[in-house]
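To start, the structure under review is shown below, and the notes come after it.
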Amino acid sequence: MSDDKKLIKDDNIKKFIETVKIFCDLVENNQSVNQLNFLHKSLELLMDLIHYGFLLPNISSVGEQPLKVAISQDYYIKIQKEIANIFGKYNYYWFIYDSVKGGKMVGSTLSIDIADIYKDLKNGLVVYLKGNESSMIDAVWHWRFGVYNTNWGMTAVNAMKAIYNIITTY
């Protein structure tokens, strides 16, 4: 068994996947969640996703192509609008982009951030759950790459700070 094959059974991967499933469930089944509970649960899950994302093993991708999109653009928009309704007046926030290099003030919306994170994680989950070894390795590679190098990791960190500020002043 190759090292990458052993790694897909890693406990940190299992914890990350379980957190991804809970996060996706929260986003997909948001109709009965009140605003404050959604804020708290989102913050908790985003913290866990970053934590477990940083613990994902560094494995080689089978094919460094983008993952096949698992959700349609229409579904993405539906999710984003539902989440915008939950966040209400708290949806829009400001953050410093590239704060290490001087940064600039940028506006964002929590609903788009959460929907983007959901899309990236859900795409990986669908690929991972195919159950074949190469799909599982590809999904883990993309999740880890995303937390360190691309959209979902930084988006989650920015959203966490905004949600934290909302909760502490609610």
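The values are calculated or read from the model by the stated rules, or taken from the named source; none is laboratory data. Please read these numbers as outputs of a predicted model, since none were measured by experiment. With ideal geometry, Cβ positions are generated from the backbone for all residues, glycine too; neighbour counts draw on all protein chains shown.
Of GLN65, GLN80, all but one fail to be touching a strand residue (DSSP E or B) at 6+ places or on another chain (Cβ under 9 Å), of a type outside the set (A, V, I, L, M, F, W, C) and either modelled with pLDDT of 95 or more or within 30 Å of ASP11 (Cα to Cα) (or both); the exception is GLN80.
Condition first: modelled with pLDDT of 90 or more, exposed (fewer than 15 other Cβ atoms within 10 Å of the Cβ) and under 18 Å from LYS119 (Cα atoms). Can you find one or more residues in the stretch 6-15 that meet it? Show your work before the answer.
Pass one, the stretch 6-15, residues modelled with pLDDT of 90 or more: 11-15.
Those left that are additionally exposed (fewer than 15 other Cβ atoms within 10 Å of the Cβ): 11, 14.
Keeping just the survivors that are under 18 Å from LYS119 (Cα atoms) gives none.
Within the stretch 6-15 (the criterion being modelled with pLDDT of 90 or more, exposed (fewer than 15 other Cβ atoms within 10 Å of the Cβ) and under 18 Å from LYS119 (Cα atoms)), the answer is no, since none of the residues qualifies.
As for the stretch 53-66, it holds at least one residue that is closer than 19 Å to GLU18 by Cα and buried (at least 19 other Cβ atoms within 10 Å of the Cβ). Residues that are without any contact (Cβ under 8 Å) to a residue 60 or more places away in the chain and closer than 14 Å to MET154 by Cβ within the stretch 102-138 comprise GLY103, VAL106, SER108, ILE112, ASP113, ASP116, ASP120, listed in sequence order. Within the stretch 146-160, residues that are at pLDDT 90 or above sit with their Cβ atoms under 6 Å from residues that are part of a helix (DSSP H, G or I) and among the acidic types (Asp, Glu), at 6+ positions apart or across chains, in these pairs: TRP152/ASP120; THR155/ASP113; THR155/ASP116; ALA159/ASP113.
Which condition number does TYR93 fail, the rest of (1) in contact (Cβ under 8 Å) with a residue 60 or more places away in the chain; (2) assigned to a helix (DSSP H, G or I); (3) farther than 30 Å from ASP10 by Cβ being met? For TYR93, the exception is condition (2). Got a sec? Which of SER42, SER32 is of a type in the set (Gly, Ala, Ser), part of a helix (DSSP H, G or I) and more than 19 Å from THR150 (Cβ to Cβ)? Being of a type in the set (Gly, Ala, Ser), part of a helix (DSSP H, G or I) and more than 19 Å from THR150 (Cβ to Cβ) holds for just one of SER42, SER32, which is SER42.
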